[in-house]
Every structure is written in C-alpha cells, then in structure tokens.
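Notes follow the structure.
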Amino acid sequence: MKIKQISKSKKKNFHKINEIKLDDIHAYEVKISQKLHNGFKNFSGDKSPLHTSLKFCKKNGYKKKVGYAFLITAILSKIYGMFFPGGTELCLKQICNFKKPFFLNDTLKINLKVIQINYEAKLLTISIIIRNQKNSDIFEGETIFQLNLHAPK
C-alpha cells in the first residue's frame, strides 16, 4: 500500500509526546487501486458482492464496486505505525464513522489533527477526516493513543 505524505511534517516517525503540539495537522493521500482492494479482500476473506460484483453494485445503485470500509482502518494503522505518531504508540481507542461509501480508483485524502494532549499520562487524541477526490467526507473518526513506548534502536 503506497501512502503519500502531503503535510509538511519534518519528522517521519517516532514522535515523542513533547514534540507534538495541539492543532498539529498531518495529511496523507492514498489511491484505492484494484491491487489494494483485492489484497484486502484476500486478507479479510470478505467476498461480499458489494465489493466484488460490478453487476450487483449497479443493480443496487452504485456505478462502481464499493470499497471496503475496514480497508480505511488498515490504512490508518499503517499511517499510525509508520508516519504519525510513528510506531511507538499503543492505540487505546478508535472511533469510526463511515459517512459515505468510496469506490475503486478513488483517491482518499486523510487529515489527522491533534485535538487533545495529556502530557503526564502521555495520551494523544487525534481527529480524522477522510475525503475523496471530489472533496466529499467519507469518514470521520477519533483515536486515542498512549505514546512513547520505547523506540527501537
């Protein structure tokens, strides 16, 4: 899965709690390719016709195959572990609101915003908004992390 970092974050991984500021924004982009879609299908075992049959989708009012909602959470997992906060965190809570479907070949724009920091408890809360290439909101969420597990050397 290829994720493009589009924000101007200078640091790519292992963010420490004292390096993060309230209202920091991190932005990413990912294209939902057939290869990515099929990889998730094979991994999850979900072969629902909503995701695999264009005929079924068209019969139900969709012009293309609908993307897997939980592919979004897999994409977020990669962002959390590889970009921000960067792999030294424990995800304590993930709230997901799948607002609209997304489709094969959509480009998703993922914005993470720091909305709360508890420096003593090393807790970080971020909000997530994901939009498609037409700037329609398809996902809103919130994540709470415990930061600063020991970074690998």
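The values are calculated or read from the model by the stated rules, or taken from the named source; none is laboratory data. Not measured: the values here are computed from a predicted model. No Cβ is skipped: glycine too gets one built from the backbone with ideal geometry, and neighbour counts run over all protein chains shown. Keep in mind that these areas ignore ligands, DNA and RNA; they rest on the heavy atoms of the full protein, side chains included. Shrake-Rupley method; radii C 1.70, N 1.55, O 1.52, S 1.80 Å.
What the table below lists for this structure:
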{"quantity": "Enumeration of residues in segment 94-153 that are closer than 30 Å to VAL66 by Cβ and not in a strand (DSSP E or B)", "calculated": "LYS99, LYS100, PRO101, PHE102, LEU104, ASN105, ASP106, ASN132, GLN133, LYS134, ASN135, SER136"}
{"quantity": "Any hit, segment 31-52, residues being in a loop (DSSP other than H, G, I, E, B), open to solvent by 80 Å² or more (accessible area, probe 1.4 Å) and at pLDDT 90 or above", "calculated": "yes"}
{"quantity": "Options ASN135, ASN105, ASN111: the member that is out of contact with any Gly (no Cβ under 6 Å at 6 or more places or on another chain), modelled with pLDDT under 95, among the polar types (S, T, N, Q) and open to solvent by 40 Å² or more (accessible area, probe 1.4 Å)", "calculated": "ASN105"}
{"quantity": "Any hit, segment 89-104, residues being hydrophobic (A, V, I, L, M, F, W, C), in contact (Cβ under 8 Å) with a residue 40 or more places away in the chain and more than 26 Å from ASP24 (Cβ to Cβ)", "calculated": "yes"}
{"quantity": "Near pairs, Cβ below 8 angstrom, 6+ apart or cross-chain, from segment 123-140 (free of Cβ contacts under 8 Å to residues at least 24 places away in the same chain and over 18 Å from ILE20 (Cβ atoms)) to any residue that is open to solvent by 50 Å² or more (accessible area, probe 1.4 Å) and of a type in the set (S, T, N, Q)", "calculated": "ILE129/ASN111; ARG131/ASN111"}
{"quantity": "From the options TYR28, TYR68, TYR62, TYR80, residue that is touching a Cys at 6+ places or on another chain (Cβ under 7 Å) and hydroxyl-bearing (Ser, Thr, Tyr)", "calculated": "TYR80"}
{"quantity": "Which numbered condition PHE98 misses (of (1) within 13 Å of the chain's Cα centre (by Cα); (2) within 15 Å of ILE32 (Cα to Cα))", "calculated": "(2)"}
{"quantity": "Qualifying residues in segment 72-93 (those that are in a loop (DSSP other than H, G, I, E, B) and open to solvent by 20 Å² or more (accessible area, probe 1.4 Å)) - the one farthest from LYS35 (Cα to Cα)", "calculated": "GLU89"}
